[in-house]
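Undergrad: To start, I am sharing the structure in question, which I have written as structure tokens.
The values are calculated or read from the model by the stated rules, or taken from the named source; none is laboratory data. This structure is a prediction, so every number in the text was calculated from the model and none was measured. For neighbour counting, all protein chains shown are included, and Cβ atoms are generated from backbone atoms with ideal geometry for every residue, glycine included.
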């Protein structure tokens with residue numbers, strides 16, 4: 001049963017997904033065309049900019065079109081724009097208000113956060129993963145796009161004005177520490193970019209003080225059953241995947257079931273699993289040194305975050321997974337080289353197919369649907385449950401800080417009966 005089709009999958013109304021998961025689901029299942037969305041956003045943005053333009057766009061007697069934009073350095077405080085067509089004039093006006101002239105000294109006094117945002121996000125995209133940019137874009141649209149403060153000249157923004165707006169946003173959106181971190185990243189880094197662009201001398205947001213303990217909503221750790229697979233569920237998922245592989249249910253992406261099994265034995269990320277190559281395996285050691293980015297499908301020679309390359313010991317059952325891919329390739333007369341779990345050298349398809357396979361198997365087994373990332377949390381919780389040193393677990397999983405491992409990846413995998421028995425034993 002091929003997993004690369006784009007047929008829609010029914011999502012239970014009671015399921016809880018992040019914005020990024022929802023966006024990825026919609027794109028992967030053909031429900032949403034990101035190119036079309038971008039075109040619609042660009043069209044809507046152009047309409048908004050033209051609505052705020054106070055000068056008429058008119059056709060001259062020579063057939064050219066013209067208008068004016070504010071410019072205090074010019075006579076009468078305005079600058080003439082003349083083009084061969086009306087569309088070119090409209091584009092030039094939109095460029096002006098979008099901050100494309102941000103580095104022209106005559107225009108800096110008029111640059112707004114909304115105008116500077118396209119330049120900043122383009123710069124930001126050079127330094128972070130694509131999923132991060134998708135999240136930032138969604139947060140920008142949610143918190144900034146329609147706010148008055150984003151339309152005010154950056155040079156006029158004061159600490160008190162920003163302070164009042166930030167605290168109002170925290171209250172209106174019931175922000176916890178995580179939400180506030182994502183929200184505040186935009187204004188902090190955007191105004192830092194304005195400083196680097198010599199639009200302002202100092203970032204006024206840096207003077208804003210938020211008492212996080214008093215004004216932010218306390219964060220509650222998510223329920224264990226939603227974050228990890230129980231021991232029984234993990235066993236059933238692995239057995240189900242092996243059966244699917246042996247029955248060749250996924251002929252196009254035939255090694256995807258094995259990738260799922262391998263993730264339960266190593267704790268690697270889905271983008272890392274899709275990018276593993278045979279040369280990354282050195283005896284009992286897996287070298288994790290690259291990943292597939294989503295949604296572009298680019299292969300980058302680094303892993304997520306700042307941890308860098310890492311080594312993961314391969315337990316015997318994990319090595320059996322690799323050996324199974326070798327045997328299958330040899331049976332087909334294909335060379336044992338390239339990407340381990342990708343038969344056609346297109347890792348992006350492997351990436352998306354792994355994601356779909358996790359939810360597919362959960363549905364088929366009648367268990368709570370969980371993403372591939374929950375397998376990673378399952379591995380961490382399992383290692384800690386079985387006495388591995390926290391620092392060793394942190395290194396295997398690729399975290400810079402032990403707090404990240406404990407706060408976000410440590411959950412109880414026991415079912416209710418097991419918890420009761422452990423509690424009775426501990427307190428007897």
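Undergrad: Look at the range 298-333 and say how many of its residues are under 18 Å from the mean Cα position of the chain (by Cα) and not in a loop (DSSP other than H, G, I, E, B).
TA: Of the residues in the range 298-333, 2 are under 18 Å from the mean Cα position of the chain (by Cα) and not in a loop (DSSP other than H, G, I, E, B).
Undergrad: Collect the residues in the range 342-367 that are outside any helix (DSSP H, G or I) and either outside the structural domain of residue 280 (by TED's automatic domain parsing) or modelled with pLDDT of 95 or more (or both), keeping them in residue-number order.
TA: Correct list: 366, 367.
Undergrad: Return the total of residues in the range 196-206 being surrounded by fewer than 16 Cβ atoms within 10 Å (Cβ to Cβ) and either outside any loop (DSSP other than H, G, I, E, B) or in contact with a helix residue (DSSP H, G or I) (Cβ under 6 Å, 6 or more places away or on another chain) (or both).
TA: Let us first name the residues in the range 196-206 that are surrounded by fewer than 16 Cβ atoms within 10 Å (Cβ to Cβ), namely 196, 198, 201-202, 206.
Right, trim to either outside any loop (DSSP other than H, G, I, E, B) or in contact with a helix residue (DSSP H, G or I) (Cβ under 6 Å, 6 or more places away or on another chain) (or both) and you get 196, 206.
Here the count works out to 2.
Undergrad: Which residues, counting only those in the range 279-297, are under 21 Å from residue 347 (Cα atoms) and out of contact with any helix residue (DSSP H, G or I) (no Cβ under 8 Å at 6 or more places or on another chain)?
TA: Kept after step one, since they are under 21 Å from residue 347 (Cα atoms), are these residues of the range 279-297: 279-281, 286-297.
Scanning the range 279-297 gives 279, 280.
Undergrad: Name the helices (runs of 4 or more DSSP H) wholly inside the range 90-188 in which the number of residues that are more than 23 Å from the chain's Cα centre (by Cα) and modelled with pLDDT of 85 or more is 1 or more. Before the answer, list the steps.
TA: Working: elements: 113-124, 130-139, 159-172.
So the answer is 113-124, 159-172.
Undergrad: Is it the case, given these coordinates, that residue 335 is in contact with a helix residue (DSSP H, G or I) (Cβ under 8 Å, 6 or more places away or on another chain) and surrounded by fewer than 19 Cβ atoms within 10 Å (Cβ to Cβ)? Walk me through how you get there before you give the answer.
TA: On the way: in contact with a helix residue (DSSP H, G or I) (Cβ under 8 Å, 6 or more places away or on another chain): yes; surrounded by fewer than 19 Cβ atoms within 10 Å (Cβ to Cβ): yes.
So residue 335 passes the test.
A quick yes/no check of all residues on (1) at pLDDT 95 or above; (2) assigned by TED's automatic domain parsing to the domain that holds residue 353; (3) more than 19 Å from residue 340 (Cα to Cα); (4) assigned to a helix (DSSP H, G or I):
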{"site": "237", "(1), (2), (3), (4)": "yes, yes, yes, yes"}
{"site": "245", "(1), (2), (3), (4)": "yes, yes, no, yes"}
{"site": "250", "(1), (2), (3), (4)": "no, yes, no, no"}
{"site": "261", "(1), (2), (3), (4)": "yes, yes, no, yes"}
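Undergrad: Among what's in the range 286-297 and is outside any strand (DSSP E or B) and touching a residue at least 24 places away in the same chain (Cβ under 8 Å), pick the residue that is farthest from residue 130 (Cα to Cα). Outline the logic, then answer.
TA: Filtering the range 286-297 down to residues outside any strand (DSSP E or B) leaves 289-290, 293-297.
Imposing the further condition that a residue be touching a residue at least 24 places away in the same chain (Cβ under 8 Å) reduces the set to 293-297.
Working: 293: 7, 294: 6, 295: 7, 296: 8, 297: 10 Å.
The selected residue is 297.
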